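Chemist: Can you keep this structure in mind? I'll have questions shortly.
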Amino acid sequence: MSSPATVSPALVALQQCAESVASDAAHFTQLADDPLLAAQRSLAAARRAVDTAAAVVAGEISRRSDPSLGHAGLAQRSGFRTPEKLVQVETRSTARDAVTLVKAGKVVLDAQAPTPSGAVWMRQVGAAVAAGTLSVAAATSIQAGLGEPGTGVTVEQLTAAVSALLALPPMDADALFKRARELRDDLDETGILDRERAIHERRSVRRVKRADGLNRYIIDADLEGTAFLDSLHDAITSPRRGGPRFVDPDEKAWADRVAADERTDRQYLHDAFLHVLRAGSAVDESKIVVGSRPPAVRLLANLNALQAAGGGGGGAGAGASAGANGAAAGFSSHPATATNAGHGRIEGLDIPISIATVARNACDVGTVTIDFFTGQPLYVGREERLFTARQRIALAARDGGCRWPGCDRPPSWTEAHHILQWKRDHGPTDIANGILLCRHHHLLLHDRDWDIRRTGADYWLVPPADIDPERTPRPMPSKSAALRDLQREETG
């Protein structure tokens, strides 16, 4: 261990703590559940402290390796071309981890500097990392999600977005990146079409040689292509991945055959994709069927914006209604060409699409209108035991996937659950009484005595007494970016 004269007392204490934990690792296997989770939280706090220190050191290495110093800079003097490479070698990490540390370190150091020289809007993030309330990974997510000022996006707006992100309840770094990206998209709506076009221009299929001499095919799809391939993948693999259960006898028989097939999941998916390609090369694509549910891609947008773009007005139920309206359109592979205001969403994807793309699809396949009022779509009653196809479309538009906190399963992986159960509570098959849950969480809810309650348009998950003796309700916010767009437009 280095002498305390050359290393700060805090780092000495951290190293001693790490050595103690490592030597006592077997102790953790003897802990009960609550102490084990408490240990995990304590270790997470300690890791944030270590990561913060590592980031500050990496940032200082970068400052002492500034290109203006030339060969006198620390990195080049030590034999490395960049400070990131020096950090990678010293930490024995990956190049990506080293870059992350250097970026985060610069943010922390800049927050503590009397006069900021870097990203002014990130000063609050740097201060939060230095205080130990925000992890380095979370800081990186905020920085990557928000991006930098540009046309139509000011430093002041990004600073306000950072404040909003830091005020959110604690969430993991992936969820924080998603929320930061959503805020950036809200600020930069004029750039949505440009970003969509850029992704479209990068679409490709590459063929490269494998080590065994055969070819590997790599597909980089655009937004609509990705959504279609995701839908095809989910339709093929549904019986194997714990997707929605099948009620129709023919569908159940197909699902049972798929589940019993001896091929691995990847082998089965390979053969199914080739089958679809062979069938599609010989017959009209409308006749291709995967099981009894062909892949379907839905595009969601505010009907007012869609009509303004020249794509609304058709389809069942289109027209004026109480509250905001949503339009659902199908898949098409043509590029966007117009520059209309507004944007839409592809169900299951977080990246927004231009209203021009939604309008083009609406012209191709028509629209289905979903009427929202106080955050709830469609009411049907009790006549039907199962939710209808149109109700499932509405639930997907409202929920955006499994609403169990922390779950990221998309709508295609979910089942519709009656909050007031059909048999036990005589609950109606109304949208307000339905909620999307993936199969895992649907079974968990029924088997382990979890409960869901509704107050207006808000849904709450109530844990069983053995998990929380107080049974404190936990919020189940919608995962739907399209619904969030509608609500933001309603409130102005």
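Each value in this text was obtained by applying a stated rule to the coordinates, not by laboratory testing. Here the structure is a predicted model, which is why all the values come from computation and not from measurement. Cβ sites come from the backbone with ideal geometry, for glycine too, and all protein chains shown count toward neighbours.
Chemist: Residue by residue through region 429-440, what is 3J(HN,Hα) from phi via Karplus (6.51 cos²θ - 1.76 cosθ + 1.60, θ = phi - 60°)? Round to whole Hz and write x for glycine and proline.
Modeler: So the J values, rounded to whole Hz, are 8, 9, 4, 4, 8, x, 8, 8, 9, 5, 4, 4.
Chemist: Residues with amide H under 5 Å of residue 344's amide H, sequence separation 5 or more or different chain, H placed in the peptide plane at 1.01 Å from N; which?
Modeler: Answer set, sorted by chain and number: 353, 354, 355.
Chemist: Give the distance, in whole Å, between the Cα centre of region 104-182 and the Cα centre of region 438-477.
Modeler: 33
Chemist: For region 402-412, in order, what is each residue's ³J(HN,Hα) by Karplus, 6.51 cos²θ - 1.76 cosθ + 1.60 with θ = phi - 60°, in whole Hz (x at glycine and Pro)?
Modeler: Residue by residue, region 402-412 yields 5, 8, 4, x, x, 8, 10, 5, x, x, 5 Hz.
Chemist: Stretched out fully, how many nm does the piece from residue 72 to residue 49 gain, at 0.36 nm a residue minus the Cα gap? Let's see the in-between values first.
Modeler: Numbers: separation 23, 0.36 × 23 = 8.28 nm, distance 3.10 nm.
Net length gain for the segment: 5.2 nm.
Chemist: Rounded to whole Hz and in sequence order, give me ³J(HN,Hα) for region 234-241 from the Karplus expression 6.51 cos²θ - 1.76 cosθ + 1.60, θ = phi - 60°, writing x for Gly and Pro.
Modeler: My calculation for region 234-241 gives 5, 5, 6, 9, 3, x, 9, 10 Hz in order.
Chemist: Using Cβ counts within 10 Å as a stand-in for footprinting exposure, how do 81, 484, 471 rank, fewest first?
Modeler: Working: 81 10, 484 16, 471 13.
Sorted ascending by nearby Cβ count, the order is 81, 471, 484.
Chemist: Here's something else I'd like to know. Going by amide H atoms built from the backbone, whose H comes under 5 Å of the H on residue 435, apart from near neighbours?
Modeler: Under 5 Å from the amide H of residue 435 lie the amide H atoms of 417, 419, each far enough along the sequence or on another chain.
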